[in-house]
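The values are calculated or read from the model by the stated rules, or taken from the named source; none is laboratory data. Keep in mind that what you see is a predicted model, and the values were worked out from it rather than measured. Cβ: placed from backbone, ideal geometry, glycine included. Neighbour counts: every protein chain shown.
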Amino acid sequence: MFRGVAFALLAILGLIAGANVATAASFNATQKSEIEKIVRDYLLKNPELMIEVMAELEAKQASQEEDRANTAIAENRKAIYDDPTSFVAGNPQGDVTIVEFFDYHCGYCKRTFGPLMKAVHDDGKIKLILKEFPILGPDSVVASHAALAAQKQGKYFEMHQALYLNKGDLDEKRIMEIAKNVGLDIAKLRRDMADPEIAKTIERNEKLASALGVRGTPGFIIGGKSHPGALGSEELAVMVKDARERCGGANC
């Protein structure tokens, strides 16, 4: 009952506010004043109506946002799933794919790292694609360059993990210390970090994130659906289960 009245009231308010100027112009000043009083009195007597209206609006906006995200994912599938510079962890032949956009300075990314790695390890059928997305300052860019350069020495994931597990500051000096502890040739690492292709990889990831509406880190695509923000073990389990059910065992 309230829903129909809510939209009727909103329509009237839209007219009064000038949303439909041509129709609103047909009301004279007295009629407009009477309509405003009716709306005001009704809302004062039924304040819970506004809660329902806001909930309906939020649900509609969320649905529209999800539709936009799904369209963007469909339009950018190749860049999301087939970029050879994006490291693949977990099971490359897994039946559920998780894509993560991340920054090594991001506290929420660090918080999700443990649950994510546990899910990948325990499940055994998750393909994890890692997208370097350094948006939290110059040191983040250096860290991403170092991780991508480490890939040329076959130690991307070791460097990735060590950067995530680092406690405290993560400036260039500390990044090089981490690289040394991982067993990387530092001289080669520095040369490889300057490779223009690494900067191009990060630029592609930034453009892809923008196209997908990923505005912060971490940003996930799980089973073809967008999920912004940190995730815990239970949330990850639910999303992976949902992806399997939606895709019927086929990779998604």
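Side notes on the structure shown:
Residue-by-condition table, conditions (1) surrounded by fewer than 20 Cβ atoms within 10 Å (Cβ to Cβ); (2) of a type in the set (Phe, Trp, Tyr); (3) under 17 Å from the mean Cα position of the chain (by Cα):
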| site | (1), (2), (3) |
| --- | --- |
| PRO92 | yes, no, no |
| PHE102 | no, yes, yes |
| GLY107 | yes, no, yes |
| ARG111 | yes, no, yes |
| GLY114 | yes, no, no |
| LEU128 | no, no, yes |
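- Evaluation of LYS167 against (1) assigned to a loop (DSSP other than H, G, I, E, B); (2) under 25 Å from the mean Cα position of the chain (by Cα); (3) within 20 Å of THR201 (Cβ to Cβ); (4) of a type outside the set (Asp, Glu) (one fails), failing number: (3)
- Residues satisfying the stated conditions in the range 142-157, i.e. over 19 Å from the mean Cα position of the chain (by Cα) and either surrounded by 23 or more Cβ atoms within 10 Å (Cβ to Cβ) or closer than 19 Å to ASP103 by Cβ (or both): VAL142, ALA143, HIS145, ALA146, ALA147, LEU148, ALA149, ALA150, GLN151, TYR156, PHE157
- Being modelled with pLDDT under 95 and part of a helix (DSSP H, G or I) holds for only one residue in ALA211, ALA179, and it is ALA211.
- If you go through the range 130-141 and keep only what is buried (at least 23 other Cβ atoms within 10 Å of the Cβ) and in a loop (DSSP other than H, G, I, E, B), you end up with PHE133, PRO134.
- Looking at ALA119, ALA147, just one residue is out of contact with any His (no Cβ under 7 Å at 6 or more places or on another chain) and among the aliphatic types (A, V, I, L, M), and that residue is ALA119.
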